[in-house]
Structures are given as C-alpha cells and as structure tokens.
C-alpha cells in the first residue's frame, strides 16, 4: 500500500487507499435593508486601522461583529491589526459548516450611520490584501463595497475586486461617494466578501479604512509612525512558549528571554528632518505587580520610510525570578515624540502565562490539522521533558479543536517512549481507557482540558511523545494548527495508521499542550445528558445485546482498540449482535444517539 502526504486548501477528494495528512482552513445572507437613523450619527472623518486590543470591530464605528480583528492572518502589513474576512462568524464558527461547494455572501463589515449632509469631495479608502496567511480567494470570489442611501433605504454596490488564485501585498482602494442620495445624514457603507461559507476560506485582509470629505483620488497616502507587528512572544531562543512556573529559569525547559525585538514603520511622506521618536518605553508587570517601568529612552530620528525598522527592549533583571505559583506577565511597550496619525498603533501589549503546561504554539490557530481517510489514525508530538522532576507526572492534555464542521470527534490520549533507533515514536507507554469527546468553543482559540485516567510518570525519559488516537468512525478530528511557529528539528511531529509512522510535512505547531502535577482550575465542564446503554453479557462468546435506557433510534459499532470498525448496526431500544466471527480480545462498543457518543469496553471470549 502506498501512502501520500497531501495539502488541500479547498474542498477534498480523497481516495480510499490513502492515509493523508490534511490541513483545512479554520472553520451571510443578502445585504439587508435598514431604517434611517438620523440621531447618533458619526461625523467625518471616519478612521479605523483596527489596532485596538479586542478581536472584533469597534461597536462605536461598526454595526456588526462578524470579521476577525487580528495580527495572525496578514503578511507584511503597515501597522498592527487588520480585519480578516472569511467564511466564519465572529466566534470562528463557519456559517455553513462543511459546505465548500457553494459560494455566497460570507463576512460583512457595515459602518454605523454617518452624517454627510453638505459634504463635498467625499472619498472612501482602505488597504486590502488577498489571502495573507489564509486561504487564497479564487476568481469566483470577491470583495465588494456597497453604499447605503438614506433617501430610499437601498444599498448599491459601487466597487469590487475578484480573487486571483494568488496571495498579494496590500493595495489601496480609492472610491468616491457620488450622488446626492448618499450625501445625507444617515449614510452607511459596507464591505462584503463572496466566497465559501464552510470555514475560513477565501480570505481577505482589510486595513486603514478612512472616509472623509475634501479629498481627491491622490489622497491615498497614510502618513504616521506605527508598530508594524504585534508584541513579540515573551520567550527566548528555545522551543517552548510556556513552561511550568516552578522550574528555575536556568532549567533547560525554561525559555526566559533577555531581549525582545519590536518592528515598526515610518509611513508616508518624509517630514523635514524626519520624526524624532522616543523608542522603547515599557512597563513590565507580574500578577499585577509592577516589576519595572522605563520611560527614559533614546530619541531616534531617521528619514527611512515605508520599510520595517526594529528596536530592542531589554527584559528587566528582576523579571521572572523566584515564582510562587502560576504567573501572568503583562507588558506594555510604546513610543512617542512626533505626534502624527493614529496614536493607538504606537503601543503594543504582550502577555506570558506560566502555569503547569508545556506549549509550542503562540495560542492562535491559522489552520485546521487532521489525518484523513483512516479510522484509528494517531498523531504524536515530541516534547523534551528532561528538565521535569519525579513529582512532575503527566496529568492530561489541553487541546484547541478547529471548528471545521459540526461533526463529533472522539479520541483517546496516548504517550509513547522515544524509539531505540530512528526518529519516530517508540513503544506505547500509555493509552487511556477513556474515550473523550471534543467540545465546541465559544471563541476562537479556546482550549479544553482532558485529564488522563491516571497520572503517568515520565521522569525516566528525557523526552516523550504525547498525542491522541482518533476513534471517530465517520469523521476526521481536526485540531488548531499555529503556522507561525516552527517546530525544532529535535521535536518533530509524526502521524500514523497504527502500523507505520510518517513524519509530518505540514509546517507549524499543534495547539496541544500537556499539563503536569495538577489539573487546571478551569477543568470542570458540565457533562451533556446522554442516553445510557446496558451491554450484556460482558464478556461473551456468541452474542452481545445493547439495550438503550431511553427510547429512540440509535447506532452501534464494535471497534478494535485501534479504532477499526468490525461491525455496525442500527435500531431502536435493543440490538443483538452475533459476534461469533470476531477474534477473541478486547473491543470498544460505540453508540451514537442524537449526536452523543458513548464507548464501553467489551471482551470477546
């Protein structure tokens, strides 16, 4: 049998004989009519560069909350923060989960009411980019702009750009507001995308939206200094983005930085002599306690414009000293001096949370990762754990599930030892008896915690492989994949089918975090009410009966411990299976009723 490692960015067509490592985009309607509001309207200029700290549009400027305000999806943006348009709502859920076959209006961004009464030479401008780090829009996808007329309560499309099938740099759109029907109190404008509504497909990034009077077609230059990238991760040169708080900063696992590098730009027309900026002012707090603040910094003047520039900030000597518990670092870094443009993009904020887990990701998923076309697939991530002690037993794993579709994922957690030779995982150290069911998130990048049946002592190993076995019968389990982080060569990811291991060729780190010593404070989750089943006799040699404790249609499957389905059936109230043909051994009996899954161990004699 031959296996292929493929990357699909859109819809899938999968041959039945292939095991496929797969990434997917993360997981509308017609424009509505609104009654004119003549009170509480905004005046020009209307300006938004999306550099605020929340991940949704400012409600003071925008009437809807569907686009994602972020720094994860753009490439080479001019300032921090963009609005990303895709096929997901503001919480990251696809508008039509799993549907990639049809296009429609997906994300929309609609302004509040604006007063244009008596205004002349009104222009709308913004910067836009196809794809960035996201999925590329094709020629059947588009970004469009519509204007709202307070006179007759109608929307008119005035501008549009199609996808090209290729990512590109940011471009500027300049659109005049022409017609007396628009130049009134109660005007609005809307940016919309047409594309697949089944996930984070057909991505467009938008920045620097500006509507103002007394402009012309050449008035497209943004002139200001601004941070061009978000606050860097508060880490050194090691692989981990978070580590247990009780480890000394000299421990091989800890990843305390000495310096942090920041990227900014001086945009637009060069002023006489250049702007003089006080670069590198900062504030460092740990659990709300000020460790150090620095405001006396060098004044830097340069005429280098429209390019990335950097400066360094040293980490305070007293930072991350002896910690007495879980610690949250919060930082604020800013510059000032020459006042020009939007001041909120002159400041960036950073955070580092040290608790009881190891992390390789930055907390944000750009893609969804899963193994297609096989039941019982497994994924293993190598973690260097030599710095942990004998008391630091593995207690569980936290995961971020990608909302690719509405399927139910079921899985078991697993730990493998290093191999005696080669680079793949070695012998299986631990496999949970419990079968877990994923939880859907309330917001993008939420983590859910899963506790092992019993703690695992890994102190005998300098590294272990930690991952999962997907026992979902008809779906693929998708985790969030952070494509901005690169796995070190010494800590690769592998996937397999139960017989062979294959090195992952997909760049990025899974949002999968093992935790140690104790369970997270947010561990408690209310269990859904599910139908229960009596399975008897257990063990048995010739037949087994599955009886539901509540009326209703249900499905049942007998699975091997590797997830392979041996037999299936469906019925109501009670199902009896002839199991004489099954080999002797231990199995899982899986039931599915009204979307909920149960698993029970059963032995064939």
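Taking only the C-alpha atoms of segment 82-136, the Rg (one decimal) and the largest Cα-Cα distance, Dmax (whole number), read 15.8, 48 Å.
With only the Cα atoms considered, segment 36-115 has a convex hull volume of 121 Å³ per residue.
For segment 352-400 versus segment 440-485, the spacing of their alpha-carbon centroids is 5 Å.
Averaging the sequence gap over all C-alpha pairs within less than 8 Å and six or more residues apart, then dividing by the number of residues, gives segment 220-334 a relative contact order of 30 percent. Starting from the Cα gyration tensor of segment 253-351, take the square roots of the eigenvalues, sort them a ≥ b ≥ c, and report rounded, prolate or oblate (rounded when a/c is under 1.5, otherwise prolate if a/b is larger than b/c, else oblate). Cα axes put segment 253-351 in the prolate bin.
Fewest-first ordering of 605, 260 by other beta carbons within 10 Å of each residue's beta carbon gives 605, 260.
Both radii come from the Cα set of segment 325-451: Rg as radius of gyration, Rh as Kirkwood radius; their ratio Rg/Rh reads 1.07.
Going from the fewest other Cβ atoms within 10 Å to the most, the residues 241, 302 appear in the order 302, 241.
The alpha carbons of segment 181-260 give a radius of gyration and a Dmax of 23.1, 68 Å, in that order. Taking the Cα atoms of the chain, the ratio Rg/Rh between the radius of gyration and the Kirkwood radius comes to 1.02.
A simple spin-label model places the labels of residue 297 and residue 261 1.7 nm from each other, with each point 7 Å out along Cα-to-Cβ.
Using only the Cα atoms, what convex hull volume per residue in Å³ does segment 31-225 have?
115 Å³
The order of the peptides 363-375, 220-232 by mean Cβ neighbours within 10 Å, most packed first, is 363-375, 220-232. In this simple spin-label model, placing a label point 7 Å from the Cα along the Cα-to-Cβ direction at both residue 283 and residue 121 gives a separation of 4.1 nm.
So how do 94-105, 150-161 stack up, highest first, on mean other-Cβ count within 10 Å?
94-105, 150-161
Segment 217-232 and segment 267-317 have Cα centres spaced 16 Å apart.
Laboratory data are not the source of any read-out in this text; all were calculated from the coordinates shown. Here the structure is a predicted model, which means the values were calculated and not measured. Quick reminder, even Gly has a Cβ in these numbers, built from the backbone with ideal geometry, and neighbours come from all protein chains shown.
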